[in-house]
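Have a look at the structure below, then the notes.
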Amino acid sequence: MPFLYQTFYNFRNLKNDTIDLSAREVYFVGENGQGKSNILESLYYSAYGISFRTHVDSQIVKNGEKSFSLNSLFKKGEDDIQKVTVYYDNGKKRIDKNGKKLQDRKELINTIPCILFCHDDMKFATGEPENRRFFIDQALTMYDSSYIDEVRNYKKILKSRNTVLKNHEYEMLDIYDTQLAQLGLVIQSKRKKCIFQFNEIFGKIFEEITGISGVEIFYEPSWKEVTEEVGKRFPSVNEVINYLKEKRESDKVMETTMSGPHRDKINFIKDNKLFIPIASTGQCRLISLLLRVSQSVYFTRTTGLKPVLLMDDVLLELDPDKRAKLTAMLPDYDQLVCTFLPGEPYERYKHDTTRIYKIENGEWSL
């Protein structure tokens with residue numbers, strides 16, 4: 001049971017107090033706007049150093065205040081207790097882990113693996129391609145810290161290349177093309193492997209719940225794979241450099257880089273056709289949920305660790321049959337933290353050891 005307690009100070013509308021989370025399953029039940037999601041947000045913030053609802057930290061501070069803090073204690077192993085403290089004051093943030101200031105947020109990410117299920121996940125199914133790229137990148141960064149640096153460095157080079165294109169100062173393009181090709185191919189290779197492993201999980205559970213077979217995730221890298229007699233392969237660095245040179249004139253006209261991992265496409269297909277345009281709203285919602293389930297299974301297979309699942313009012317749009325099937329096939333977890341509206345049948349899902357808090361006006365009670 002990783003999270004043992006959480007202490008709040010001026011965080012959203014939550015009362016300044018400590019909440020006991022030392023149960024394998026914790027449910028928060030309350031009407032909308034009472035603070036249920038704020039508690040999940042605080043747990044996510046402790047795990048990743050950022051909110052899933054906003055990237056503007058000042059928006060998290062309680063009205064009328066200028067600072068907030070979080071203290072989290074969680075148990076990674078029998079003798080491994082970790083403490084994370086977040087301080088935010090007048091625009092400056094500090095994150096301490098076991099009393100030591102972290103220099104980079106990536107030092108925090110693998111401390112406690114939280115996987116969040118929330119309403120905005122619908123974008124992974126119906127949103128823009130960048131939403132699906134974000135999801136795959138997030139799945140990779142949960143266990144591969146080098147991928148964080150690779151994506152960061154790629155974005156820096158891309159920004160520099162786009163700047164020279166916009167300013168019509170082309171002298172550095174050869175250097176940027178080489179760097180972009182080297183890092184971009186690493187990113188594409190890791191994305192392809194990740195999506196291949198996701199498909200081994202996703203299609204099977206989607207069929208189990210819906211009865212629809214053959215739905216899979218299709219990855220279309222911007223730098224196309226090369227077809228040979230023995231199959232397909234990624235292009236070499238030199239092949240990508242030559243491709244960038246061929247497309248340079250169009251990049252100059254558009255004043256931006258028109259190819260690379262930032263243009264990769266990830267879609268859901270069935271029988272070699274796009275599935276989302278013909279899918280129902282319920283099927284799209286289910287896809288977004290099963291992506292998170294697949295992410296959890298993938299993480300455990302890759303690391304041997306079990307995640308903490310945070311589920312924020314995500315079962316509402318499923319019919320009772322699919323809701324029951326989904327809850328029955330949730331991946332193995334270290335801890336499950338859910339939010340429910342009072343009218344939901346959460347009593348059906350709970351166990352004898354489940355702790356249920358009632359939430360009202362930012363305060364909680366058993």
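A few remarks follow.
- Checking each residue in segment 108-120 for being within 22 Å of residue 2 (Cβ to Cβ) and touching a residue at least 40 places away in the same chain (Cβ under 8 Å) picks out 108, 109, 111, 112, 113, 114, 115, 116, 117, 118.
- Of all the residues in segment 83-92, those that are of a type outside the set (A, V, I, L, M) and under 22 Å from the mean Cα position of the chain (by Cα) number 1.
- Filtered residues of segment 339-366 (kept if at pLDDT below 90, in a loop (DSSP other than H, G, I, E, B) and open to solvent by 40 Å² or more (accessible area, probe 1.4 Å)): 343, 349, 350, 351
- Residue in segment 75-116 that is nearest to residue 39 (Cα to Cα), counting only those that are open to solvent by 60 Å² or more (accessible area, probe 1.4 Å) and of a type in the set (Asp, Glu): 89
- Restricted to segment 315-338, and to residues there that are part of a loop (DSSP other than H, G, I, E, B) and within 22 Å of residue 2 (Cα to Cα), the residue that is most open to solvent (accessible area, probe 1.4 Å) is 332.
- Matching residues, segment 220-243, being over 19 Å from residue 191 (Cβ atoms) and either of a type in the set (Phe, Trp, Tyr) or open to solvent by less than 40 Å² (accessible area, probe 1.4 Å) (or both): 241
- Residues being open to solvent by 20 Å² or more (accessible area, probe 1.4 Å), out of contact with any Ser or Thr (no Cβ under 8 Å at 6 or more places or on another chain) and either closer than 27 Å to residue 283 by Cα or touching a residue at least 24 places away in the same chain (Cβ under 8 Å) (or both) - total across segment 133-148: 7
- Taken as a whole, segment 299-314 holds at least one residue that is open to solvent by 40 Å² or more (accessible area, probe 1.4 Å), among the polar types (S, T, N, Q), in a helix (DSSP H, G or I) and in contact (Cβ under 8 Å) with a residue 60 or more places away in the chain.
- Selection within segment 160-173: residues that are in a helix (DSSP H, G or I) and among the aliphatic types (A, V, I, L, M). The member of this set that is surrounded by the most Cβ atoms within 10 Å (Cβ to Cβ) is 165.
- Tally, over segment 117-132, of residues that are open to solvent by 50 Å² or more (accessible area, probe 1.4 Å), of a type outside the set (S, T, N, Q) and modelled with pLDDT of 95 or more: 3
- Pairs linking a residue in segment 174-197 that is open to solvent by less than 50 Å² (accessible area, probe 1.4 Å) to a residue that is of a type in the set (Gly, Ala, Ser), with Cβ atoms under 7 Å and 6 or more positions apart or on different chains, are 176/160; 180/260; 184/260; 194/139.
- Entry remark, segment 63-74: residues being open to solvent by 20 Å² or more (accessible area, probe 1.4 Å) and under 13 Å from residue 97 (Cα atoms) number 2 in total.
- Scope segment 266-288; condition among the small types (Gly, Ala, Ser) and either open to solvent by 90 Å² or more (accessible area, probe 1.4 Å) or under 16 Å from residue 211 (Cα atoms) (or both); matching residues: 279, 280, 282
- Restricting the first member to segment 2-22 and to residues that are in a loop (DSSP other than H, G, I, E, B), and the second to residues that are open to solvent by 10 Å² or more (accessible area, probe 1.4 Å) and among the β-branched types (Val, Ile, Thr), the beta-carbon pairs closer than 6 Å and six or more apart or on different chains are 10/61.
- So residue 123, is it within 20 Å of the chain's Cα centre (by Cα) and outside any loop (DSSP other than H, G, I, E, B): yes
The values are calculated or read from the model by the stated rules, or taken from the named source; none is laboratory data. Everything quoted here is computed from the prediction, not taken from an experiment. Glycine gets a Cβ as well: all are built from the backbone with ideal geometry, and neighbour counts include every protein chain shown. In case anyone asks, the SASA skips ligands and DNA or RNA and just uses the protein heavy atoms, side chains included. Shrake-Rupley method; radii C 1.70, N 1.55, O 1.52, S 1.80 Å.
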